[in-house]
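> I'd like to ask you about the structure that follows.
The values are calculated or read from the model by the stated rules, or taken from the named source; none is laboratory data. From a predicted model like this one, the values you see are computed outputs, not experimental measurements. Neighbour counts are summed over all protein chains in view; Cβ atoms, including those assigned to glycine, are modelled from backbone coordinates with ideal geometry.
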């Protein structure tokens, strides 16, 4: 093992090619992971921000806010379910917003929510005609006091402050009162008007675990509702599961490529060192000691490549303008990506084990003389 580390220190050029290739692979892996996290975060922020344990929709809606309708009678049955402590209505409409100073066709995509329970980060439910806006809209020139004109009817709402991480399906979240939501829907989407007291979904707070609370609500309504935990509601948003599955497959292929690269590099390195390994075995070195040296070299090369890639991707993340590419680099993602590459390094170097075991001291030394 000391010989392996000494070789790394004295002959770094031998490992330069593998280090560069692994750095590029690590950079791709980190960027893909950050892009996945950013897309999921940008699609589910509005749901994750809800301050309740369960989101309740109508059973026929298939967890779609737009198709769901909860009337006052059904709401009363939800409120009467065991363990329920508070119920708040939730409505949404997705529109384009005109920002003062921007071109007439330069619209900002927004999702206006009408809520009775203010989500996390929103200090309160604002007055009619006022909204809290997600900070991503600052990239479109929105400031506190800006009057946004929503939809084809150009319904005015005034931004009273900003919140973080409350987007829905890539659209900036706007948080207003139920009256604001109803008036905007009536002006811009007449076909989607709901009666007073009707909401698309409900946010439910209660005692016990969210899973048990969801089951209690659905039992109390006789199956007329579909109740999901916050996490399950976020996962049920259209496109989220598909995005996660696609990116995880790409990430898996990237890790497989890393295994192949490491395997090929150390296989060639082992061929070059057959005579050296023969000498080492002749003086008493064990195959497992020689193989351990290979693994250590693979791990060191991978750590160096991962460190360089992490620095580069953090610089890229800082340089990307807000509201453009939805990349989110987090510590858990960095740790999981580096661990995946370390596993790939060990797995890749393991392909050289058979050749190391087959080295015969006499023939190896004889062939080199």
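> Six or more apart or on different chains, Cβ atoms under 7 Å: show the pairs whose first residue is in the stretch 112-136 and under 10 Å from residue 174 (Cα atoms) and whose second is modelled with pLDDT of 95 or more and surrounded by fewer than 17 Cβ atoms within 10 Å (Cβ to Cβ).
From the stretch 112-136, the pairs are 130/158.
> Would you check if there is a residue in the stretch 186-195 being within 29 Å of the chain's Cα centre (by Cα), touching a residue at least 24 places away in the same chain (Cβ under 8 Å), farther than 21 Å from residue 72 by Cα and assigned by TED's automatic domain parsing to the domain that holds residue 84?
No, because not a single residue in the stretch 186-195 is within 29 Å of the chain's Cα centre (by Cα), touching a residue at least 24 places away in the same chain (Cβ under 8 Å), farther than 21 Å from residue 72 by Cα and assigned by TED's automatic domain parsing to the domain that holds residue 84.
> Hey, does the stretch 31-54 have a residue that's closer than 21 Å to residue 304 by Cβ, in the same structural domain as residue 307 (by TED's automatic domain parsing) and at pLDDT below 80?
Scanning the stretch 31-54, I find no residue that is closer than 21 Å to residue 304 by Cβ, in the same structural domain as residue 307 (by TED's automatic domain parsing) and at pLDDT below 80, so the answer is no.
> Moving on. From the list 121, 83, 91, 145, exactly one residue is assigned by TED's automatic domain parsing to the domain that holds residue 219 and surrounded by fewer than 17 Cβ atoms within 10 Å (Cβ to Cβ). Which is it? Before you say what the answer is, go through the steps one by one.
On the way: 121 fails: surrounded by fewer than 17 Cβ atoms within 10 Å (Cβ to Cβ); 83 fails: surrounded by fewer than 17 Cβ atoms within 10 Å (Cβ to Cβ); 91 fails: surrounded by fewer than 17 Cβ atoms within 10 Å (Cβ to Cβ).
Of 121, 83, 91, 145, the one residue that is assigned by TED's automatic domain parsing to the domain that holds residue 219 and surrounded by fewer than 17 Cβ atoms within 10 Å (Cβ to Cβ) is 145.
> Further question: Does the stretch 318-328 contain any residue that is within 19 Å of residue 18 (Cα to Cα) and at pLDDT 75 or above? Walk me through it before giving the result.
Pass one, the stretch 318-328, residues within 19 Å of residue 18 (Cα to Cα): none.
Looking through the stretch 318-328, none of the residues is within 19 Å of residue 18 (Cα to Cα) and at pLDDT 75 or above.
Condition check ((1) within 21 Å of residue 236 (Cβ to Cβ); (2) loosely packed, with under 15 Cβ neighbours inside 10 Å; (3) out of contact with any helix residue (DSSP H, G or I) (no Cβ under 6 Å at 6 or more places or on another chain)) across all residues:
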site: 115; (1), (2), (3): yes, no, yes
site: 154; (1), (2), (3): no, yes, yes
site: 161; (1), (2), (3): no, no, yes
site: 182; (1), (2), (3): no, no, yes
site: 205; (1), (2), (3): yes, no, yes
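> Using the structure shown, decide if residue 364 is surrounded by 14 or more Cβ atoms within 10 Å (Cβ to Cβ), at pLDDT below 80 and over 30 Å from residue 135 (Cβ atoms). Working first, answer last.
Details: surrounded by 14 or more Cβ atoms within 10 Å (Cβ to Cβ): yes; at pLDDT below 80: yes; over 30 Å from residue 135 (Cβ atoms): yes.
Yes: the conditions hold for residue 364.
> Still on this structure, I have one more. Within the stretch 315-335, which residues are under 16 Å from the mean Cα position of the chain (by Cα) and either in a helix (DSSP H, G or I) or closer than 30 Å to residue 11 by Cα (or both)?
Matches in the stretch 315-335: 317, 331, 332, 333, 334, 335.
> What do you reckon, is residue 338 at pLDDT 90 or above, part of a helix (DSSP H, G or I) and either assigned by TED's automatic domain parsing to the domain that holds residue 24 or more than 30 Å from residue 110 (Cβ to Cβ) (or both)?
yes
> Residue by residue through the stretch 55-80, note down the ones that are part of a helix (DSSP H, G or I) and either surrounded by 14 or more Cβ atoms within 10 Å (Cβ to Cβ) or not assigned by TED's automatic domain parsing to the domain that holds residue 188 (or both).
Result: 59, 61, 74, 75, 77, 78, 79.
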